[in-house]
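All remarks here apply to the structure that follows.
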Amino acid sequence: MKLLFKSVLLFTAMIVIILQDVAIAENLSISSSNFLKNNLKSTKKISFLKNENQKIAYALGNSIGFYIEHFLNERQKLGIKLDKNKIIAGVRDVLIAKSKLSNQEIKKKLDILENRIVIAVNKKIEKDGQTNLVKGYAYATAFAKKKGVKKTQSGLLYQIEREGTGNIPNNSDTVSVHYKGKLIDGTEFDNSYKRDHPFSFRLDTVIPGWIEGLKHIKKGGKIKLVIPTKLAYGNNIIPAIPVNSTLVFEIELLDIKKAH
């Protein structure tokens with residue numbers, strides 16, 4: 001969150017510097033949306049784009065607008081609503097050197113916003129985490145009733161499609177696999193088949209569910225794992241994987257290289 005907020009501040013600083021450099025203040029009117037038409041008194045028709053430099057400046061303004069719009073939409077999902085009129089006014093006042101807040105006041109208000117975002121995000125994570133725990137338990141309970149499914153003491157569920165031949169892998173072995181990873185709603189978050197490149201790794205370097213699960217098959221084997229959150233990523237924030245998610249993997253064990 002710190003990194004995200006710093007990027008917002010950096011982008012804001014970039015807005016001020018770049019827009020001043022291209023002297024867009026006097027041409028700040030943008031006619032691409034009714035919202036801006038209603039809030040910028042100096043708005044003119046699109047014909048004000050008379051040359052390439054003006055079009056570039058206008059395009060930059062559009063890009064900044066899209067960024068701010070996305071930022072506002074994401075914050076609104078967290079229950080944080082900010083007044084677009086005041087954002088436009090703030091940008092305009094900086095460009096004409098008439099800001100109504102001192103630098104110290106700006107920093108103070110942005111610190112307040114950052115704190116609100118952190119609190120809102122933490123609340124959402126906690127709420128989503130509890131929901132995902134309940135849904136994951138229900139999914140695992142239903143899967144456990146399917147033919148051929150076995151459950152270990154740790155709570156891992158597995159269904160062997162092919163056992164394979166030879167030895168099972170040890171923690172220190174390097175294994176090569178193809179796999180698909182999905183959430184319990186069927187959303188695919190990873191797929192080595194689509195990359196057309198197997199994943200090779202030392203077995204003890206991955207999540208506990210994989211370490212335990214792959215020991216139930218041998219080279220050439222294929223297995224389906226339903227991994228409870230405690231054997232996966234828990235409440236850690238991982239791209240494309242909601243907190244406390246139960247994960248579903250189909251894994252094909254292609255090769256095992258014994259540790260020397």
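Could you tell me whether any residue of segment 223-231 is assigned to a helix (DSSP H, G or I), at pLDDT 95 or above and crowded, with 20+ Cβ neighbours inside 10 Å? Yes - at least one qualifying residue is present in segment 223-231. Among the residues of segment 118-128, is there at least one that is farther than 24 Å from Pro228 by Cβ, in contact with a helix residue (DSSP H, G or I) (Cβ under 6 Å, 6 or more places away or on another chain) and in a helix (DSSP H, G or I)? No, every residue in segment 118-128 fails to be farther than 24 Å from Pro228 by Cβ, in contact with a helix residue (DSSP H, G or I) (Cβ under 6 Å, 6 or more places away or on another chain) and in a helix (DSSP H, G or I).
Scan segment 147-168 for residues that are within 21 Å of Leu133 (Cβ to Cβ) and assigned to a loop (DSSP other than H, G, I, E, B) and the total you get is 5. Taking Ala138 as the residue in question, decide whether it is under 30 Å from His216 (Cβ atoms) and outside the structural domain of Glu250 (by TED's automatic domain parsing). Considered against the rule, which asks whether it is under 30 Å from His216 (Cβ atoms) and outside the structural domain of Glu250 (by TED's automatic domain parsing), Ala138 comes out as yes. Tell me whether segment 191-204 contains one or more residues that are surrounded by 15 or more Cβ atoms within 10 Å (Cβ to Cβ) and closer than 23 Å to Phe143 by Cα. Looking for residues that are surrounded by 15 or more Cβ atoms within 10 Å (Cβ to Cβ) and closer than 23 Å to Phe143 by Cα, one finds none in segment 191-204, hence no. Residues that are over 10 Å from Ile251 (Cα atoms) and small (Gly, Ala, Ser) were ranked within segment 208-224; the one that is farthest from the chain's Cα centre (by Cα) is Gly220. Within the set Leu254, Leu214, Leu247, the sole residue that is at pLDDT 95 or above, crowded, with 23+ Cβ neighbours inside 10 Å and within 16 Å of Ser176 (Cβ to Cβ) turns out to be Leu214. Can you name the residue in segment 163-181 that is hydroxyl-bearing (Ser, Thr, Tyr) and under 16 Å from Phe201 (Cα atoms) and is also surrounded by the most Cβ atoms within 10 Å (Cβ to Cβ) among such residues? Applying the filter and picking the extreme gives Tyr179.
Residue-level check: of (1) within 16 Å of Glu250 (Cβ to Cβ); (2) in the same structural domain as Leu247 (by TED's automatic domain parsing); (3) not charged (D, E, K, R), Tyr233 misses just (1).
Here the condition is being farther than 30 Å from Gly186 by Cβ, touching a residue at least 60 places away in the same chain (Cβ under 8 Å) and among the aliphatic types (A, V, I, L, M); of Leu133, Leu82, Leu95, Leu101, it holds for Leu95 alone.
The values are calculated or read from the model by the stated rules, or taken from the named source; none is laboratory data. Only a predicted model underlies this, so the values are computations on that prediction, with no experimental measurement involved. For neighbour counting, all protein chains shown are included, and Cβ atoms are generated from backbone atoms with ideal geometry for every residue, glycine included.
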